[in-house]
Structure formats: structure tokens, C-alpha cells
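What follows is a single structure, written as C-alpha cells, with notes after it.
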Amino acid sequence: MIPKRVFFVKGLGVHKDKLASFELALRDAGIEKFNLVNVSSILPPRCEVVKPDAGLKHMKPGQIVYCVMAKTETNEPNRLVSAAIGCAVPNNKDIHGYLSEHHAFGEKGSVSGEYAEDLAATMLATTLGIPFDPNKAWDERKRIYKASGHIFRTTHICQSAEGNKGGLWTTVIAAAVFVVEDGQ
């Protein structure tokens, strides 16, 4: 069973109960109807990135669905939380890419998203043997990775929020959701 499609979603939930906050974040992301199984960070060869609607139309409520998920939660008023998924897709469609998850406190969404994207790209670059200096800024390494001709695309999705001012649980999620169709 190798997924042929993946889509990316994010969500935010706020509730007095921690679990209900997570459920609301799943609802916000549109993936609450599935039995989610977290998996590690490999993007299968030839796995097409699609829009959520294109992936969801192949899924049924109650289905076991594999995903790479980042989740951060707090009940501390005003505490900044973020959850991000990074993605690095190789130019050669016959080799695997990478997904990464990042869970953060006190980090803006743009920072968390870029960190997750950098992490996925770096994991792919090391697998492909692309030489790089890990001390260089992400923008510079991104140019090196793409100039190598081995990395086709990098991207990320991120959800961030400030903890509810009244102390309710605030949960943020980001997920790469794999689509496995019947018969796979």
C-alpha cells in the first residue's frame, strides 16, 4: 500500500476541554471524520500533491487515514503556539521525498513554517548527497538545493495562534494527509 496522493491542511480549535479543542482543530482542517494514524516523514515516490477537496473525495467517514501531523496546544493565555508541516519533492519522481513536522511555542507562524520547510529540504538534500553548509541561512541553502537540479519543490503549511485569553485550550494542527484508494 503506497499512497498516490497527499494533501495539506491546517486547523485551529478552542474549547474548555483539551480533547474537544483538538477535535475542533480537526474539524477546522476538514479531517475529523477519519481514524488518523500518524506515520513518519517519507513522501512516497510519484505521490502527487493535490488540493484537499481532490483528496477528500476519495475518502469515507470512519476510514483509517495515514498522515504526518504536527500539533501544539496550550491553555496559557496569550501563549503563541504553532504547528507546521514542511515538504520537499525530488525532481526524480522515482525516488522518495520528505515531510517534516514542527511543533513550537513562542514562534510566529512564518518562522515555524520556514523551519519545517528547511528541515524537509535538508533531509532530502542529505539523502541525495547535495553538499551544503548547514550554517548558511535557509534562503541561501534553498537556492543551492534548487540549483542542484535534484530538488523540484519545497513548501510548507502552518497554523499558529495565541492561547485563548480566558485560559481555554487552544490547539493548532497542520497535517499531510495521504490518500489511499480502495484496492491499494
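Listing for the model above:
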read-out: Residue in region 129-144 that is among the polar types (S, T, N, Q) and closer than 23 Å to SER41 by Cα present; value: no
read-out: Residue match in region 51-69 (condition: β-branched (Val, Ile, Thr), within 17 Å of the chain's Cα centre (by Cα) and within 24 Å of THR127 (Cβ to Cβ)); value: yes
read-out: Any hit, region 106-116, residues being hydroxyl-bearing (Ser, Thr, Tyr), touching a strand residue (DSSP E or B) at 6+ places or on another chain (Cβ under 9 Å) and surrounded by fewer than 18 Cβ atoms within 10 Å (Cβ to Cβ); value: yes
read-out: Residue, farthest from CYS87 (Cα to Cα), within region 52-68, restricted to residues that are in contact (Cβ under 8 Å) with a residue 60 or more places away in the chain and β-branched (Val, Ile, Thr); value: VAL65
read-out: PRO134 vs. criteria at pLDDT below 95, more than 19 Å from the chain's Cα centre (by Cα), in a loop (DSSP other than H, G, I, E, B) and surrounded by fewer than 17 Cβ atoms within 10 Å (Cβ to Cβ); value: yes
read-out: Some residue of region 154-166 being surrounded by fewer than 18 Cβ atoms within 10 Å (Cβ to Cβ), under 20 Å from VAL9 (Cα atoms) and touching a Gly at 6+ places or on another chain (Cβ under 9 Å); value: yes
read-out: Residues within region 137-164 that are over 23 Å from ALA70 (Cα atoms) and either in a loop (DSSP other than H, G, I, E, B) or more than 21 Å from the chain's Cα centre (by Cα) (or both), tallied; value: 8
read-out: Number of positions in region 1-46 that are in a strand (DSSP E or B), under 13 Å from the mean Cα position of the chain (by Cα) and surrounded by fewer than 17 Cβ atoms within 10 Å (Cβ to Cβ); value: 2
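Rundown of residues vs (1) among the β-branched types (Val, Ile, Thr); (2) touching a helix residue (DSSP H, G or I) at 6+ places or on another chain (Cβ under 8 Å), yes/no style:
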| residue | (1), (2) |
| --- | --- |
| HIS103 | no, no |
| GLY109 | no, no |
| SER112 | no, no |
| PRO134 | no, yes |
| SER148 | no, yes |
| CYS158 | no, yes |
| LEU168 | no, yes |
| THR171 | yes, yes |
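The values are calculated or read from the model by the stated rules, or taken from the named source; none is laboratory data. None of these values were measured; they are calculated from a predicted model. Counting neighbours? That spans all protein chains shown, and the Cβs are built from the backbone with ideal geometry, glycine included.
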